[in-house]
Amino acid sequence: MARKPPYPKHVTALKSLKKERKPFIVADLETIQIPIDDPTDTKPIEDPTDTNQIVDQMDTIPIEDQIEYPSDTILKKKQTDTNPKEDPTEALTKMHVAYAAGFLVVKPGEDISAVPDFKTETYFSEEYNLLYPDFKDKSTQMLFNFIERLAVVANKTKIRTVYFHNLARFDGILLMKYLTIHGNKYSFKTIMRNLTLYEFSVYLGQKLVFSLRDSYFLLTASLDELGKTLCPELGSKGSIDHDKLRVEDLHPKKNELLDYMKQDIRLLGGVMLKAQDIYWRKFKVDFKSCLTLSSLALTIFRMRYYDPNSWPIHIPSRNEDTFIRRGYYGGHADVYKPIGINLYIYDANSLYPYVMKSFPMPGGVPVWHDNLEGKDISELFGFIEACVVCPTTMTRPFLPYRDKKTGTLLFPTGEFVGVYFSAELEYAQKLGYKIQPLRGYFFENNNTSPFDSFVEYLYESRQQAKKSGDKAMAYVYKLIMNSLYGRFGINPESTITEICERKRYDILLHSVKKLVYGEKLSDKYLMVNYKINTVHADNSEWNPPKISAVHLSAAITAYARIYMYKHISRHDCVYTDTDSAVLERPLPEDEISD
C-alpha cells in the first residue's frame, strides 16, 4: 500500500514565474426561458441506506455569495445594493435553453478593440430551422456545433482554457448537462466544491480537450462594471430584455441578439486581457494558474511578500485545526431594531486588511495546555476554550456562540462554553464578562504580522491609483488586498461533486461515509455529491487543503469584531453586518471618509 506523502508543517514560498503569459479563449452562451414540458425528466438517484434524500436542485444551483470588503481605513457611508432579486418560483416552472453561443481567442498583448468582428465565432439556434421544427432540437444542434468547433480550435491553437462569466450559475450547468447527455465520446472531470462549479474539463480518451472556467471567480463583479472599470474604450455592455424574449422573437431579432452576445464576448476578452496584463506587470503572475481570486492573492503573497524564514506560517494538524476552527466565527450580523427612519449607513474601510497589518498574528507552532484554571487571560495568547458568563443586562452582547444543533451564530447573554481567540476574551472581560479559561493552544506573540508588507504595498498603491484616476489599477489592488485572509480559513470538510459512470457511482455509494445525493444526468453519466474530511473520517482518509492556517483567519475576524464593537454597542445602532453599521445618528465628521 502506497504511503501518503508527508503533510507540510508550514506554508512555503513560491518562486517567480519565468514563462510568459498564455493565450486563452473567452466564450458566452445566451439562453431563453421556456416552460418545462415535464418537470420529472431528471430524478435524483436514491441512496437505499439514506431515508433523508436531498431534493434535486440541479437547475437552480446558486453561485456562492461573493463577499467584498471595503477599501480604505476608516468608516465611510455604505452604498446599498438596488439590484432586483430573481423570482425563486421561476425555476420551478421554466427552464433555460440556449439559443446562441460564441467564442473568441485572446492573445497576450493584443488590442481587443482592433480584433476584426469575424474573429468572434457565433452559433445561433434559428440557423437550423430547415432541419428541426422543434426549438429544443435546434438548440441541441447549435450546442453540438459550438462544442465541436471549440474542440477543433482548442486543439489547433493548443489553448485549453475557456472562460465564461458566471459559468457556475447558468452556462456551466447547462453545458454540463448537455455534454453528459449528448457528448458520448467525451469524458469529464469537475472541480466543484460545496455545489459551486469552478472548472469543467472535457477529455477525449486521456487527452484534455478544453477546460471551462468561471471568470467571475477571478474578477468578482458584473461584466458591465468590469467593462467600465478595466476597459471603457470597448464601450458599454448591451441590453436585452430577456424576460420579454420569446422563441418566436429569435429569428427576426437575430442580428440584434448576436451583436449583444458578441459585445459581451469582446468585453470579457478585454477585461480578462487587461487584468492578465496588470497581474503580470506588477506581480509576474499569470492568473491562468489560479481558479479563484483568493488562490491568486495567495500566490502573489507567497511569491512576493512571504518570508518563511522570519515569519513561517504554521499549517495546523487535524487536532489543531478541529479545535481552533471552533473559534472561527466570521463576521457579526445582527438586527437590534427592526424599524428605523432617516438612518446612517457606514462601512469600515478595508477592515480586514487593516487588521491584518495592524494587529499581532498568532505565530510559531501551537502548544497545547489542558489546564488553564486560574490563569490570567491577559497573559495568554492563542485559542482558548473558556466558560463564559455574559451579564443578562448587556443589550449588545459581544462574544459569539454557535448553536451545536442548528449551526446558527448567536450573541447570547448568560453562561456558555466556547473557543475564542485570547484577545477577544480579554476584551470581553473588560466589558464585564466573567471568563474562566479551561484549555487551549498557545501561539507565539511577537507583536508582528506576516501580512505587513503585503497590505502596505497594496493599500498605498491603490491610494496612488485612485489619486491618478487609474480605476483599473485601483480595482485590481483592492481585489487582491481583500481576498487573502479567507483563503487561510478554508474548511477541510467540503462537498465534492463527481460526474461518473454507474460503476464508479456504485463504488462511491458503498465506500463514502457521507453521501449527500446522486442524480442521473444521462443513460451513461451520473452526478454524485459526497462530503470529505468529516469529523468521522479516519486519519487515513484525512486529506485537507495543503495551504490552510485557520488560526490566522480566526484571529483576523476576532480582531475585526473587537474593532467594530465600539460602533455596534451604541444604543442607536439599528443593524450590523461584519464591517458595517446602521445608526440613527451620524458619526463625527473626523471619523468619516468618502
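Identify all residues within the stretch 366-378 that are surrounded by fewer than 15 Cβ atoms within 10 Å (Cβ to Cβ) and either β-branched (Val, Ile, Thr) or touching a helix residue (DSSP H, G or I) at 6+ places or on another chain (Cβ under 9 Å) (or both); write none if there are none.
VAL367, TRP368, SER378
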Set ARG325, ARG318, ARG302: member being of a type in the set (D, E, K, R), under 22 Å from GLY486 (Cα atoms) and surrounded by fewer than 16 Cβ atoms within 10 Å (Cβ to Cβ): ARG318
Out of LYS337, LYS282, LYS357, LYS288, sole residue that is modelled with pLDDT under 95, touching a Phe, Trp or Tyr at 6+ places or on another chain (Cβ under 8 Å), of a type outside the set (Gly, Ala, Ser) and surrounded by 15 or more Cβ atoms within 10 Å (Cβ to Cβ): LYS288
The one condition in (1) among the aliphatic types (A, V, I, L, M); (2) surrounded by fewer than 21 Cβ atoms within 10 Å (Cβ to Cβ); (3) under 30 Å from LEU399 (Cα atoms) that ALA581 fails to fulfil: (2)
From ILE592, ILE556, ILE568, ILE562, residue being touching a residue at least 12 places away in the same chain (Cβ under 8 Å), buried (at least 17 other Cβ atoms within 10 Å of the Cβ), of a type in the set (A, V, I, L, M) and farther than 17 Å from TYR420 by Cα: ILE568
Qualifying helices (runs of 4 or more DSSP H) (wholly inside the stretch 404-511; at least 1 residues being in contact with a strand residue (DSSP E or B) (Cβ under 6 Å, 6 or more places away or on another chain), among the hydrophobic types (A, V, I, L, M, F, W, C) and modelled with pLDDT of 95 or more): 422-431
Unique residue being crowded, with 18+ Cβ neighbours inside 10 Å and either basic (Lys, Arg) or touching a helix residue (DSSP H, G or I) at 6+ places or on another chain (Cβ under 8 Å) (or both) when the list is LEU150, LEU175: LEU175
Pairs, first farther than 18 Å from LYS22 by Cβ in the stretch 98-115, second assigned to a loop (DSSP other than H, G, I, E, B) and among the β-branched types (Val, Ile, Thr), C-beta under 7 Å, six or more apart: GLY102/THR120
Residue, farthest from the chain's Cα centre (by Cα), within the stretch 545-594, restricted to residues that are closer than 26 Å to ASN342 by Cα and of a type in the set (Lys, Arg): ARG585
Yes/no for TYR517 being in contact (Cβ under 8 Å) with a residue 12 or more places away in the chain, part of a strand (DSSP E or B) and either within 20 Å of LEU195 (Cβ to Cβ) or not hydrophobic (A, V, I, L, M, F, W, C) (or both): yes
Residue check for PRO391: at pLDDT 95 or above and more than 29 Å from HIS314 (Cβ to Cβ): yes
Conditions (1) within 30 Å of TYR475 (Cβ to Cβ); (2) of a type in the set (A, V, I, L, M, F, W, C); (3) surrounded by 18 or more Cβ atoms within 10 Å (Cβ to Cβ); (4) at pLDDT below 95; number of the one not met by LEU268: (4)
Tally of residues being in contact (Cβ under 8 Å) with a residue 40 or more places away in the chain and surrounded by 12 or more Cβ atoms within 10 Å (Cβ to Cβ) across the stretch 379-399: 14
Residue list for the stretch 234-256, restricted to those being in a helix (DSSP H, G or I), aliphatic (A, V, I, L, M) and out of contact with any Leu (no Cβ under 7 Å at 6 or more places or on another chain): VAL247
Test: residue in the stretch 120-131 that is out of contact with any Ser or Thr (no Cβ under 8 Å at 6 or more places or on another chain), of a type in the set (S, T, N, Q) and surrounded by fewer than 16 Cβ atoms within 10 Å (Cβ to Cβ): yes
Residue in the stretch 536-544 that is closer than 28 Å to PRO8 by Cβ, under 22 Å from the mean Cα position of the chain (by Cα), surrounded by 17 or more Cβ atoms within 10 Å (Cβ to Cβ) and in contact (Cβ under 8 Å) with a residue 24 or more places away in the chain present: yes
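The values are calculated or read from the model by the stated rules, or taken from the named source; none is laboratory data. Source: prediction; values computed, not measured. Cβ: placed from backbone, ideal geometry, glycine included. Neighbour counts: every protein chain shown.
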